[in-house]
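Enquirer: Here's a structure for you.
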DNA sequence: CCTACCGATCGGTAGG
DNA sequence: CCTACCGATCGGTAGG
């Protein structure tokens, strides 16, 4: 009844919409998702949806921004002072954990890439590029110090990203090939272990 | 006028539709593509489209099948008698070449995966799974012979697929990070070289 | 005069 | 291969 209570309800409903929209956009893409479905999954009428987001594009952009905070931000730069093997292992394990815990975030990101990244392009040229360059600088330092063999650091990060995200984005294929109805933590741990082994061994001087 | 001429026109128009549809499905997905757009890009009226394909789902399925023939079939099994290093290099180079030459096929495949592979699932459980098991058998033989270090062969193939397809499916991100307007053959060759180096080195006993 | 929300329906466009 | 047109459903908004 009070202003505070209404604000609380508003915040709660907005969160429900974002969660529902993330699920639907991840599974069906932007065009395959209807406002009616988002509203339904958020336990509200479709007209009421428009009290929270004016258009479908608005909620998509909001979901995309949410996605970035769970998908890109947790990936700290490598610590140049630390042991390369341990650092790379930490990074790969972290990425596989993200693919396991937040496959929907990964798929929304993948969908946006397949569309040509119309919304995320500025972010890619800015924040993401900076992250890659920080990563590359550490790798190159390790190379100069003779701790790892010389390698193109940018392609190395593409390799780690491509391989780890594969377990979220291509899940149906992985399930079919492994012959399991769903992947459990053990499967992801085995994936991380296999990736770590090849990458870390492959980088040994 | 003759039956043969009509057949020729029909075949040519069908090919034009498939090419146009592949482009549009790759860029916008199934729901983001309209029959009107496909017809327009095929230089024909929208009603005429329906002389060649009854529904949008029909042409999508046809495109998907075309995609498989350029995307999966060229990947021969590894030759167990040959040198592991040379064989793996050949396989990786071949996959990167596919990503470079047929990025649209890769994106259509990726889109289908993101949707949960509703159409391709039987194919994944059959043909694709068989290919992976043939691949895995060769890898395991090499391991037993001490030619490469023991590794989970299925995760190795996911690694190669994930990494190489990344260059087609996440092209906007790769362009942004590299700071180039488009990727030329040299970029793809560098990618292949980096992947080969890490994988082949990572598998050395 | 504000909010949160409903049932009903708007103008346009989709696949067929 | 065209014009004309359908049942339905889309995103977004009206009044109460």
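What follows draws every value from the coordinates through simple rules; no lab data is involved. Remember, predicted model here, so these are calculated numbers, not experimental data. Glycine also receives a Cβ, built like all others from the backbone with ideal geometry; neighbour counts cover every protein chain displayed.
Enquirer: If I build a Gaussian network model for chain B, linking alpha-carbon pairs within less than 10 angstrom, which residue out of B:147, B:54, B:95 has the largest mean-square fluctuation?
Expert: So, out of B:147, B:54, B:95, the one fluctuating most is B:54.
Enquirer: Using only Cα atoms, find the angle between the long axis of helix B:84-101 and the longest principal axis of chain B, and express it within 0 to 90 degrees, rounded to the nearest 10.
Expert: Helix B:84-101 sits at roughly 20 degrees to that axis.
Enquirer: Taking the Cα of residue A:10, stepping 7 Å toward and past its beta carbon, and measuring to each backbone N in region A:27-60: which are under 16 Å?
Expert: A:48-54
Enquirer: Then there's this: If the label for residue B:119 sits 7 angstrom from Cα along the Cα-to-Cβ line, what are its distances to the same label in every other copy, in nm to one decimal, shortest first?
Expert: 2.6
Enquirer: Normalised by the empirical 2.2 N^0.38 Å for globular proteins, what value does the Cα Rg of chain A take?
Expert: 1.20
Enquirer: While we're here: Contour minus end-to-end for residue B:137 and residue B:97, with contour as 0.36 nm per residue of separation and end-to-end as the Cα-Cα distance?
Expert: 12.0 nm
Enquirer: While we're looking at this one, here's another question. Please give the helix A:56-71 orientation as an angle from the longest Cα principal axis of chain A, in degrees from 0 to 90, rounded to the nearest 10.
Expert: 30
Enquirer: Mind listing the label-point distances from residue B:86 to the same position on all other copies, shortest first, one decimal in nm, points 7 Å along Cα→Cβ?
Expert: Nearest to farthest, the other copies are at 4.3 nm.
Enquirer: Please work out, to two decimal places, the log10 of the ratio I(q)/I(0) at q = 0.07, 0.12 Å⁻¹ from a Debye calculation in which every Cα of the protein assembly as shown carries one identical scatterer.
Expert: -0.37, -1.02
Enquirer: Can I ask one more? When the Cα centres of region A:5-71 and region A:85-154 are compared, how far apart do they sit, in Å?
Expert: Cα centres, region A:5-71 to region A:85-154: 28 Å.
Enquirer: Could I have the simple spin-label model distance between residue B:130 and residue A:69, label points 7 Å from Cα toward Cβ, reported in nm to one decimal?
Expert: Once both label points are built, they end up 4.9 nm from each other.
Enquirer: Students often get this wrong: which residues of region B:130-151 have the backbone nitrogen under 14 Å from the point 7 angstrom along Cα-to-C-beta of residue B:77?
Expert: B:130-142
Enquirer: Would region A:122-205 count as rounded, prolate or oblate if I go by the C-alpha gyration tensor, calling it rounded below 1.5 in a/c and otherwise prolate when a/b exceeds b/c, oblate otherwise? Each step should come with its number before you reach the end.
Expert: Working: a/c = 3.47, a/b = 1.57, b/c = 2.22.
Oblate is the answer for region A:122-205, as a/c is 1.5 or above yet b/c matches or exceeds a/b.
Enquirer: Between the helical axis of B:185-202 and the dominant principal axis of chain B, each derived from Cα atoms, what acute angle in degrees is found, rounded to the nearest 10?
Expert: Roughly 40 degrees between the two axes.
Enquirer: Shortest first and in nm with one decimal, please list how far the residue A:190 label point sits from its counterparts in the other copies (point 7 Å along Cα→Cβ).
Expert: In nanometres, ordered from closest: 3.7.
Enquirer: Between B:99, B:86, B:191, find the one with the highest GNM mean-square fluctuation for chain B; connect C-alpha pairs within less than 10 Å.
Expert: Evaluated over chain B, the most mobile residue of the options is B:86.
Enquirer: How would region A:1-121 be classified by its alpha-carbon gyration tensor: rounded, prolate or oblate, with rounded meaning a/c under 1.5 and the a/b versus b/c comparison settling the rest?
Expert: It comes out prolate by the Cα gyration axes.
Enquirer: Show that you can apply the helix-only estimate: for chain A, add -39,500 (n - 2.57) for every DSSP H stretch of four or more residues, divide by all residues, and state [θ] at 222 nm to the nearest 500. Before the final figure, lay out the partial values.
Expert: Working: 10 runs with 142 residues, N = 205.
Calculated mean residue ellipticity at 222 nm is -22500 deg cm²/dmol.
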